[in-house]
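Student: Mind having a look at this structure? Questions to follow.
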Amino acid sequence: MPLQRIRAHWSGFTGAPGLSTFYALDGSLATGAIHDFFDACAGFIPSDVHIDVDGSGDEIDVATGALTGVWTGVAPATVVGADSNTYAAPAGAGARWTTDTFSDGSRVRGFTYLVPLGPDAFAAGGFVAGGIAADITTAGLALNGAP
């Protein structure tokens with residue numbers, strides 16, 4: 001079964017555009033879960049940031065990495081950030097994805113940057129605030145458990 005690539009496009013902020021890329025066995029099902037992940041984070045994403053998850057994308061052969069086709073579905077609604085405070089555009093957080101899958105002797109892993117984030121996402125010293133980190137973790141676990 002091929003992997004299906006899903007892309008989320010970030011726009012509306014200084015430094016844009018941004019791009020987050022995900023892979024799933026069924027892109028048409030995953031788009032909603034990806035939307036929900038970003039929507040769960042919207043409260044600490046600046047209000048001028050828009051995230052659009054594609055409703056179609058490439059199919060990729062797992063064995064060769066070759067493009068084999070296109071999947072199509074329905075694009076979910078745009079996620080719009082809700083934090084209206086002034087923010088530093090290059091400041092944010094990241095979600096690290098781990099799997100139990102191995103390829104060529106290495107564990108398959110991923111990383112999604114959540115940049116920019118509003119100032120309320122950070123604690124003293126510039127660290128991601130504990131409650132925000134917990135919210136990102138909860139949203140990530142929900143995405144990981146989605147079909």
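The values are calculated or read from the model by the stated rules, or taken from the named source; none is laboratory data. None of these values were measured; they are calculated from a predicted model. Every residue, glycine as well, gets a Cβ built from its backbone with ideal geometry; the counts of neighbours run over all protein chains shown.
Student: Would you check which residues across the stretch 110-147 are part of a strand (DSSP E or B) and within 14 Å of the chain's Cα centre (by Cα) and list them? Before the answer, list the steps.
Tutor: Going through the stretch 110-147, the residues part of a strand (DSSP E or B) turn out to be 110-114, 122, 128.
The answer is Gly110, Phe111, Thr112, Tyr113, Leu114.
Student: Specify which of the listed residues (Ala121, Ala133) is small (Gly, Ala, Ser) and within 19 Å of Ser47 (Cβ to Cβ). Even if it seems obvious, please write down each step before you answer.
Tutor: Values: Ala133 fails: within 19 Å of Ser47 (Cβ to Cβ).
Selected residue: Ala121, the only one of Ala121, Ala133 that is small (Gly, Ala, Ser) and within 19 Å of Ser47 (Cβ to Cβ).
Student: Please go through the stretch 13-61 and give me each residue that is within 17 Å of Met1 (Cα to Cα), in contact (Cβ under 8 Å) with a residue 40 or more places away in the chain and of a type in the set (Gly, Ala, Ser), ordered by number.
Tutor: Across the stretch 13-61, the qualifying residues are Gly27, Ser28, Ala30, Gly57.
Student: Is it fair to say Thr98 is more than 23 Å from Gly12 (Cβ to Cβ), in a strand (DSSP E or B) and of a type in the set (Val, Ile, Thr)? Outline the logic, then answer.
Tutor: Details: more than 23 Å from Gly12 (Cβ to Cβ): yes; in a strand (DSSP E or B): yes; of a type in the set (Val, Ile, Thr): yes.
It is true that Thr98 is more than 23 Å from Gly12 (Cβ to Cβ), in a strand (DSSP E or B) and of a type in the set (Val, Ile, Thr).
Student: I want to confirm something. Restricting to the stretch 59-79 and keeping residues that are surrounded by fewer than 17 Cβ atoms within 10 Å (Cβ to Cβ) and under 17 Å from the mean Cα position of the chain (by Cα), which single residue is nearest to Ala133 (Cα to Cα)?
Tutor: Among them, the one singled out is Thr78.
Student: Go through (1) modelled with pLDDT of 95 or more; (2) outside any helix (DSSP H, G or I) and name the single condition Gly32 misses.
Tutor: Going through (1) modelled with pLDDT of 95 or more; (2) outside any helix (DSSP H, G or I) one by one, Gly32 breaks only (2).
Student: Taking the condition of being among the acidic types (Asp, Glu) and in a loop (DSSP other than H, G, I, E, B), how many residues in the stretch 49-95 meet it?
Tutor: Within the stretch 49-95, the first condition is being among the acidic types (Asp, Glu), and the residues that meet it are 52, 54, 58-59, 61, 83.
Within this subset, residues satisfying the condition of being in a loop (DSSP other than H, G, I, E, B) are 54, 61.
Qualifying residue count for the region: 2.
Student: Now for a different question. Specify which of the listed residues (Asp83, Asp104, Asp100) is of a type in the set (Asp, Glu), farther than 19 Å from Phe22 by Cβ and without any contact (Cβ under 8 Å) to a residue 12 or more places away in the chain.
Tutor: Details: Asp83 fails: without any contact (Cβ under 8 Å) to a residue 12 or more places away in the chain; Asp100 fails: farther than 19 Å from Phe22 by Cβ.
Answer to the check: Asp104.
Student: Quick one: which residue in Ser84, Ser106 is more than 21 Å from Trp10 (Cβ to Cβ), over 20 Å from the mean Cα position of the chain (by Cα) and polar (S, T, N, Q)?
Tutor: Numbers: Ser84 fails: more than 21 Å from Trp10 (Cβ to Cβ).
Of Ser84, Ser106, the one residue that is more than 21 Å from Trp10 (Cβ to Cβ), over 20 Å from the mean Cα position of the chain (by Cα) and polar (S, T, N, Q) is Ser106.
Student: So, of the residues in the stretch 111-145 that are in contact with a strand residue (DSSP E or B) (Cβ under 7 Å, 6 or more places away or on another chain) and without any contact (Cβ under 8 Å) to a residue 24 or more places away in the chain, which turns out to be farthest from Ser20 (Cα to Cα)?
Tutor: Of everything passing the filter in the stretch 111-145, Ala129 is farthest from Ser20 (Cα to Cα).
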